[in-house]
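See below for the structure under consideration.
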Amino acid sequence: MNTDEATPLLEVIGLSKTYPAAAGEPKTQVLSAIDLTLRAGESAAVLGPSGCGKTTLLNLLGTLDTPTAGTIRIAGRDTAELNDNARAALRAQRIGFVFQEHHLLPQCSAVENVLIPTLAKGVNKQGAADRAAELLQRVGLGERMNHRPDTLSGGQRQRVAIVRALINRPALLLVDEPTGALDADTAGQIMDLLIELNTAEQTAMVMVTHARDLAARLQRTLRLERGRLAAAGAPA
Ligand SMILES: Nc1ncnc2c1ncn2[C@@H]1O[C@H](COP(=O)(O)OP(=O)(O)O)[C@@H](O)[C@H]1O
Ligand SMILES: [Mg+2]
């Protein structure tokens, strides 16, 4: 892994995605020639209405899906040049995901959920339990580490999901409408926490949302419109 300070953590060049046509329908080009560069510690919000391609973009950045065209480099590595195993290892070790729905396992406690990403092959397990406890403490769940998700509030569950995303010290944090299922006050608290942890951990963060007020809190605000990504406010 290239850890040269000058190498951007995330480098996206000419990224396009077209989904195959359903029967009787035209093909849809969701993303067209997107460029994006982020350094460690930088955060960007991607704003756009439902259906504009936000989740598609995050899935591509997270190597969960394959682009139609273009290049994605993570810490200097072209993700298209990795085989499936190497890509899975990159994902497990270097990328954290937070989704709109927390996707916690109902039968596992908060701390067990947080430790799931550390079970992946090639992940350094040393200190994982200590780090899990420390992070849960930090997000105010020290007393609830052994509680199952159904005994936690929506905001608490999303905090567990954020800690789970950070447990392997990812270089890149991908966040998909993290507060979409929460009330406004809880959403604000979750944003505070994401920004605080992201600064402390010096990850690069891409958060997609349709909430302008939340987007404005990150360092850069971009808008995804008709497949193009531009600085918010600039003509698309
Ligand atoms: N796997 C898929 N196959 C075909 N079309 C898809 C697929 N995933 C998403 N789409 C379409 O791509 C567009 C963008 O979807 P998505 O990325 O989920 O948008 P957003 O997250 O901004 O709401 C939508 O028109 C959606 O119907
Ligand atoms: Mg989406």
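The values are calculated or read from the model by the stated rules, or taken from the named source; none is laboratory data. Remember, it's a predicted structure, so these values are computed and weren't measured experimentally. Virtual Cβ from ideal backbone geometry, glycine too; neighbours counted across all protein chains shown.
What the table below lists for this structure:
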{"read-out": "Single condition VAL12 does not satisfy, out of (1) within 16 Å of ligand 2 (Cβ to nearest atom); (2) more than 29 Å from LEU135 (Cα to Cα); (3) touching a Leu at 6+ places or on another chain (Cβ under 6 Å)", "value": "(1)"}
{"read-out": "Selected residue (criterion: farthest from ILE72 (Cα to Cα)) from residues of the stretch 22-39 that are in contact with a Gly (Cβ under 8 Å, 6 or more places away or on another chain) and of a type in the set (S, T, N, Q)", "value": "GLN29"}
{"read-out": "Of residues in the stretch 33-66 being within 13 Å of ligand 1 (Cβ to nearest atom), part of a loop (DSSP other than H, G, I, E, B) and out of contact with any helix residue (DSSP H, G or I) (no Cβ under 6 Å at 6 or more places or on another chain), the one nearest to ILE195 (Cα to Cα)", "value": "GLY62"}
{"read-out": "Checklist (1) assigned to a helix (DSSP H, G or I); (2) modelled with pLDDT of 95 or more applied to PRO106, failing item", "value": "(1)"}
{"read-out": "The one condition in (1) surrounded by fewer than 18 Cβ atoms within 10 Å (Cβ to Cβ); (2) within 16 Å of ligand 2 (Cβ to nearest atom) that PHE97 fails to fulfil", "value": "(1)"}
{"read-out": "Residue list for the stretch 67-89, filter: assigned to a loop (DSSP other than H, G, I, E, B) and more than 20 Å from SER32 (Cβ to Cβ)", "value": "ALA75, GLY76, LEU82, ASN83"}
{"read-out": "Residue match in the stretch 181-197 (condition: outside any helix (DSSP H, G or I) and without any contact (Cβ under 8 Å) to a residue 60 or more places away in the chain)", "value": "yes"}
{"read-out": "Any pair with Cβ under 9 angstrom, 6 or more apart, that starts in the stretch 61-73 at a residue that is charged (D, E, K, R) and ends at one that is assigned to a helix (DSSP H, G or I)", "value": "ASP65/THR56; ASP65/ASN59; ARG73/THR79"}
{"read-out": "Matching residues in the stretch 118-147 - criterion: being closer than 17 Å to ARG94 by Cβ and in a loop (DSSP other than H, G, I, E, B)", "value": "ALA120, LYS121, GLY122, VAL123, ASN124, LYS125"}
{"read-out": "Hits in the stretch 171-217 (condition: surrounded by 17 or more Cβ atoms within 10 Å (Cβ to Cβ), of a type in the set (Asp, Glu) and more than 16 Å from ligand 1 (Cβ to nearest atom))", "value": "GLU201"}
{"read-out": "Residue pairs meeting the criteria (Cβ under 8 Å; at least 6 apart or on separate chains; first closer than 19 Å to THR63 by Cα and away from ligand 1 (no atom under 14 Å from the Cβ), in the stretch 91-108; second modelled with pLDDT under 95 and basic (Lys, Arg))", "value": "ALA92/LYS121"}
{"read-out": "Residue within the stretch 21-28 that is surrounded by fewer than 15 Cβ atoms within 10 Å (Cβ to Cβ) and more than 16 Å from ligand 1 (Cβ to nearest atom) present", "value": "no"}
{"read-out": "Any hit, the stretch 63-82, residues being within 15 Å of the chain's Cα centre (by Cα), within 13 Å of ALA171 (Cβ to Cβ) and basic (Lys, Arg)", "value": "no"}
{"read-out": "Matching residues, the stretch 148-174, being touching a Lys or Arg at 6+ places or on another chain (Cβ under 9 Å) and in a loop (DSSP other than H, G, I, E, B)", "value": "LEU152, ILE167, ASN168, ARG169, PRO170, ALA171"}
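Yes/no matrix, rows are residues, columns are (1) within 16 Å of ligand 2 (Cβ to nearest atom); (2) surrounded by 14 or more Cβ atoms within 10 Å (Cβ to Cβ):
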{"position": "THR37", "(1), (2)": "no, yes"}
{"position": "GLU42", "(1), (2)": "no, yes"}
{"position": "VAL46", "(1), (2)": "yes, yes"}
{"position": "SER50", "(1), (2)": "yes, no"}
{"position": "GLY53", "(1), (2)": "yes, yes"}
{"position": "LEU61", "(1), (2)": "yes, yes"}
{"position": "ARG73", "(1), (2)": "no, yes"}
{"position": "ASN83", "(1), (2)": "no, no"}
